[in-house]
Amino acid sequence: MRLFARYSSCLPAISFCLFLAGVSPAQDFLHESKNDRNNRMGWWREARFGLFLHWGLYAVPAGHWGDRNDYGEWIRNSARIPLDEYSRFVSQFNPVKFDAKSWVRMAKEAGMRYIVITSKHHDGFCLFDSKFTDFNVMSTPFHRDVLAELADACRKEDVKLCFYYSIMDWHHPDYLPHREWETTRPAADAEFARYVQYMKNQLKELLTRYGDIGVLWFDGEWEPTWNHLLGNDLYNYVRRLQPAIIVNNRVGAGRSGMEGFNEEGEFAGDFGTPEQEIPATGIPDADWETCMTMNDHWGYNAADTNFKSSRDLIRMLVDIASKGGNFLLNIGPTAEGVFPPASIARLHDIGAWMKISGESVYGTTSSPFSRTPWGRCTRKLMPDGSVRLYFHLFDRPSGSVFSCNGLGSSPRNVWLLQKPGTALSWKHIHDTITVVLPPSPVDSVDAVLVMDFPQSPLVFRPPVISAPSPLFLEELPVTISGTSAGEIHYTLDGSLPDGSSPLYQGPVRLTQTALVTARAFYHGSPVSDTVVRSFTRAAPEPAAGNDDLLPGVSYSYYEGSWDSLPAFDSLTPAARGVVRVVDLSMKHRKEYFGVRYEGCLVVPQDGVYLAAIRSDDGSRLFIGGKLVADNDGLHGSATAAGYAALGKGAHPFRIEYFNKTGDADMDFQLAPAGRNPSSVVKEFLFHFR
């Protein structure tokens, strides 16, 4: 019996698209060797910092349409502008101040090593001379191939040129689905396979005309016409054209929300793409890149002055590098072809810091420390085999003395990157190093303290306590991992471990509620913080009776404007009904609405389950009247999850959801503890008669 489904199958259409691709099974780039992958990813991992450029027809209205001025690159869809009316921007797009050399030079001087530009965004307009559509820059008064000029400038400045390309296309007649509000654009004659061929024709232009391209940055892959098989095929197609190219994970359909990482399974893509966020702890053993706006919009918005400070952007860059990621920082150029002055000022400030301290970012890997209350740390393997640690001090320590715990090796020298050649006084006792800093600050944004070690230093990290879930029914295996050196002692009653406490030698099997407490020791002395996790033995919630159940989930649909979930009981619904699965098929509009679902979830056996709710904007999930996942508030697509011990059978649940503006997204997911949740299929959703 299968409880969950990730995708729907559409094998005939997929097979036809694969036939059109002309890529044979032998041309499979999905399974390259680790050495080949490392060689291909090398320059990207070294670069760490790139410029994102969202530029196109949407720069003409500059965020203003009707009585609103808060639009961006989605303006055609968000403002519901008919295609004929939007196409008038073609005759108005004339960026006479565009200077590719200036753009590339500003990026390079800011310390950026690569540029990703929107060759085609969701609106379908192309910034290059494509023979497969007239909806491109050559039809504008400007009549110059923007990408050709950027390619030439990037080659001269030794900056990698990369292309963003949207899989979604609101202009092409064969792209499906059309926008739900486009009642004058019938989809009866559309053929998605024909659109896939159009897309590949354009990608071939992009990868054969402009020299070596560093990255193909796909987007717009989340609509149901795209799937992981088409993504895998497209990945192979572009790698065949340029085998060394790097492709982001949005080429496929396995991305898990805005976090930007793939679900389990074989999905194409070389790196994850968290959007507008920095993963709290990074992602071990994975390549990833945070893309982020300087203000609140990707495309140019003349009214948007909410720019992040230069200080915050520099620290974000360091934070990302310390977690092993890249930073792709966005600018939306104006319709005249220039960067906004506020963006230029920030590029200048970042560049000034990078000119002195860039070596602490380029080619570095993630911090060996799990906690850095003083700032961040980056690590670099030097050519002679030694290891250099860069301690980024965001806040000047009191008394001008820097102290770091958990370091088991002594450095051979210590200095400040902003004061090269000046050795600092330091002491290393047990697992703590202290460094005396100069009396006056050297950099108020990020003073970088450097330590060189003859080999990889010994770093003591707090233990990590892991288990399939915090709840269990009868028995739960708990693992405790730590540093490669030393040992871990633990207790099960919350008391502080010491050298006489049990030594961790393998999974601890709990049969009763416990407060697991662990600490690392070296030569008999504690060398880490104490870590505590609670685990609860629970009885499964009894199931409800199954006699009065009908297929599907009841819903109440509401319309209104909210910043958080309203009290639906006090509102009058605009509609009621039943849906077969928890989705948004009943909505009458894209924005300003809410839904409350009520039904029963049938689980096949007693167990602990991980329940999740993914939404844009807010949502909450209740099972058996208890709040399991709280995802309320205004936000992009995000997931909240919680655990529930459930007995075999039907369990009442309630989901509350609202969307204010922008995309509407909502998905109910479930899995046994220890597995990633996926969408609950209709066979397990019911409602009371």
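The values are calculated or read from the model by the stated rules, or taken from the named source; none is laboratory data. Keep in mind the model is a prediction, meaning the values are calculated, not measured. Please note: Cβ atoms are built from the backbone with ideal geometry, for glycine as well, and neighbour counts cover all protein chains shown. Note: areas computed on protein heavy atoms with side chains; ligands, DNA, RNA excluded. Shrake-Rupley method; radii C 1.70, N 1.55, O 1.52, S 1.80 Å.
All conditions in (1) open to solvent by 10 Å² or more (accessible area, probe 1.4 Å); (2) in contact with a Gly (Cβ under 7 Å, 6 or more places away or on another chain) hold for Asp84, with the sole exception of (2). Considering the stretch 223-251, and only residues there that are open to solvent by 40 Å² or more (accessible area, probe 1.4 Å) and either of a type in the set (A, V, I, L, M) or in contact with an Asp or Glu (Cβ under 8 Å, 6 or more places away or on another chain) (or both), the residue that is nearest to Arg179 (Cα to Cα) turns out to be Leu229. Against the test of being within 30 Å of His588 (Cα to Cα) and either surrounded by fewer than 24 Cβ atoms within 10 Å (Cβ to Cβ) or touching a Leu at 6+ places or on another chain (Cβ under 7 Å) (or both), the options Glu109, Glu182 yield a single qualifying residue, Glu182. None of Ser444, Ser410, Ser440, Ser425 is within 36 Å of the chain's Cα centre (by Cα), open to solvent by 40 Å² or more (accessible area, probe 1.4 Å) and hydroxyl-bearing (Ser, Thr, Tyr) except Ser444.
Taken over the stretch 164-210, the criterion of being among the small types (Gly, Ala, Ser) and either part of a loop (DSSP other than H, G, I, E, B) or touching a Ser or Thr at 6+ places or on another chain (Cβ under 9 Å) (or both) is satisfied by Ser166, Ala187, Ala188, Ala190.
Between Ala321, Ala303, the distinction of being open to solvent by less than 30 Å² (accessible area, probe 1.4 Å) and either acidic (Asp, Glu) or touching a residue at least 40 places away in the same chain (Cβ under 8 Å) (or both) belongs to Ala321 only.
The set of residues in the stretch 479-528 that are among the aromatic types (Phe, Trp, Tyr) and open to solvent by 20 Å² or more (accessible area, probe 1.4 Å) comprises Tyr490, Tyr504, Tyr522. Is it the case, given these coordinates, that Leu476 is crowded, with 16+ Cβ neighbours inside 10 Å, farther than 23 Å from Pro368 by Cβ and not polar (S, T, N, Q)? In short, yes.
When Pro477, Pro462 are screened for being in contact with a strand residue (DSSP E or B) (Cβ under 7 Å, 6 or more places away or on another chain), assigned to a strand (DSSP E or B) and under 19 Å from Val531 (Cβ atoms), only Pro477 passes.
Rundown of residues vs (1) surrounded by 18 or more Cβ atoms within 10 Å (Cβ to Cβ); (2) polar (S, T, N, Q), yes/no style:
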{"residue": "Arg48", "(1), (2)": "yes, no"}
{"residue": "Ala59", "(1), (2)": "yes, no"}
{"residue": "Glu73", "(1), (2)": "yes, no"}
{"residue": "Ser78", "(1), (2)": "yes, yes"}
{"residue": "Arg88", "(1), (2)": "no, no"}
{"residue": "Gln92", "(1), (2)": "no, yes"}
{"residue": "Pro95", "(1), (2)": "yes, no"}
{"residue": "Val137", "(1), (2)": "yes, no"}
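Can you tell me which of Ala629, Ala671, Ala641 is assigned to a strand (DSSP E or B), free of Cβ contacts under 8 Å to residues at least 24 places away in the same chain and under 25 Å from Gly254 (Cβ atoms)? Testing whether each residue is assigned to a strand (DSSP E or B), free of Cβ contacts under 8 Å to residues at least 24 places away in the same chain and under 25 Å from Gly254 (Cβ atoms) leaves just Ala629. Within the set Gly260, Gly358, the sole residue that is modelled with pLDDT under 95 and open to solvent by less than 10 Å² (accessible area, probe 1.4 Å) turns out to be Gly260.
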